[in-house]
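Participant: Here it is, the structure in full.
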Amino acid sequence: MSANPDKAALRRTLRQRRAALDIASRCQASLAIMQRALQNGYLRRGSRIAVYAPMGSELSTWPLILRAIQAGCRVFLPQIPRRGRQMRFVRFDETVSWRRDQFNIPVPIHPQTCVARDLSLVFVPLVGFDQRLARLGQGGGYYDTTFHFRRSRKIWKKPRLIGLAYECQRVKALPVEPWDLHLDEIITENNTYRPPA
């Protein structure tokens, strides 16, 4: 969506930081973040939760996904559309099957889907974040577009958007465009970041 050269350079730098983490650190971070989500009360029985399936050096969400299912949550994975940027969400459970999409990314096949407005909570991937809870994504604009409807709401902010990241992905300040998504919270292996009071 944006050809901002500052964002492109920052994405390269932050991806390199993330890729430099060793396997033990990655595993510990994934478990610590799952534990934080559990302690924060986000894995409630019956709630509709969207979680991304990790790609490349992204933080692994598999411990979180499995714990959410154990807790009785209905878990959904985002599916990138063939046209446009409005994602839909596909149920993830023991009956799911898989195929590769147009980007060669494995996507779940399940008869049950969910639209963004009907989700309780969304765990969002990111490349970088700052203290204002601004998010730097991959650059495709899928999350910004899918959750654009939240901008018109002043009080009720469902679904809650929670970024998941390694601490090394934090920067002092991100360049922000008017359409960029701000998150309600960000969880790393060391901290839970919330908006300033």
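Participant: With Cα Rg over 2.2 N^0.38 Å as the read-out, I listed (i) 1.20; (ii) 1.01; (iii) 0.97; which label goes with the value calculated from this structure?
Facilitator: (iii)
Participant: Can you give me the Cα centroid spacing of the range 167-192 and the range 26-92 in angstrom?
Facilitator: Value for the Cα centre distance between the two parts: 18 Å.
Participant: So, one more: When the chain is modelled as a GNM with alpha-carbon springs shorter than 10 Å, which of 95, 13, 145 fluctuates the most?
Facilitator: Result for the chain, Cα springs under 10 Å: 95 fluctuates most.
Participant: Another question, if that's okay. Out of 92, 54, 181, whose Cα points farthest toward the positive end of the dipole of the chain (charges: +1 Lys, Arg; -1 Asp, Glu; placed on Cβ)?
Facilitator: After comparing all options, I get 181.
Participant: Run the dipole for the chain about the Cα centre, Lys and Arg Cβ at +1, Asp and Glu Cβ at -1, nothing else charged, and hand back the magnitude in debye, nearest 20.
Facilitator: Values: 33 positive and 15 negative charges, 110 e Å.
Here the size comes out at about 520 debye.
Participant: In debye, nearest 20, what is the charge dipole magnitude of the range 35-128 about its Cα centre with +1 on Lys and Arg Cβ and -1 on Asp and Glu Cβ, if you could check? Don't skip to the answer; put the middle values down first.
Facilitator: On the way: 14 positive and 5 negative charges, 54 e Å.
With Lys and Arg at +1 and Asp and Glu at -1, about 260 debye.
Participant: So for the chain, averaging the separation of alpha carbon pairs under 8 Å that are six or more residues apart and normalising by length, what relative contact order in percent results? Write out the running numbers ahead of the final one.
Facilitator: Working: 366 pairs, mean separation 43.2, N = 197.
22 percent.
Participant: Related question: Build a GNM of the chain with springs between Cα atoms under 10 Å: which of 184, 144, 101 gets the top mean-square fluctuation?
Facilitator: Between 184, 144, 101, it is 101 that shows the largest mean-square fluctuation.
Participant: How much net charge surrounds residue 102 when only other residues with a Cβ under 12 Å from its Cβ are counted (Lys, Arg +1; Asp, Glu -1)? Before the final figure, lay out each step's value.
Facilitator: Working: positive: 82, 83, 99, 100; negative: 101.
That works out to +3.
Participant: Counting only protein heavy atoms and using a 1.4 Å probe, what share of the accessible area of the range 16-132 belongs to carbon plus sulfur, as a whole percent? All intermediate terms of the calculation are to be shown ahead of the outcome.
Facilitator: Working: 3090 of 6090 Å².
Carbon with sulfur: 51 percent of the solvent-accessible area.
Participant: Per q in 0.12 1/Å, what log10 I(q)/I(0) does a Debye calculation on the alpha-carbon atoms of the range 1-83 return?
Facilitator: So the normalised log intensities work out to -0.48.
Participant: In a Gaussian network model over the chain where Cα atoms closer than 10 Å are linked, find which of 45, 36, 83 has the largest mean-square fluctuation.
Facilitator: 83
Participant: With runs of 4+ DSSP H residues as the only contributors, calculate the mean residue ellipticity of the chain at 222 nm using -39,500 (n - 2.57) per run, divided by the residue total and rounded to the nearest 500. Numbers along the way, then the final one.
Facilitator: Values: 4 runs with 46 residues, N = 197.
The per-residue figure over the chain is -7000 deg cm²/dmol.
The values are calculated or read from the model by the stated rules, or taken from the named source; none is laboratory data. Given the structure is predicted, the values throughout are model-derived calculations rather than measurements. Quick reminder, even Gly has a Cβ in these numbers, built from the backbone with ideal geometry, and neighbours come from all protein chains shown. Quick note on the areas: whole protein, heavy atoms, side chains included, nothing else; ligands and nucleic acids left out. Shrake-Rupley method; radii C 1.70, N 1.55, O 1.52, S 1.80 Å.
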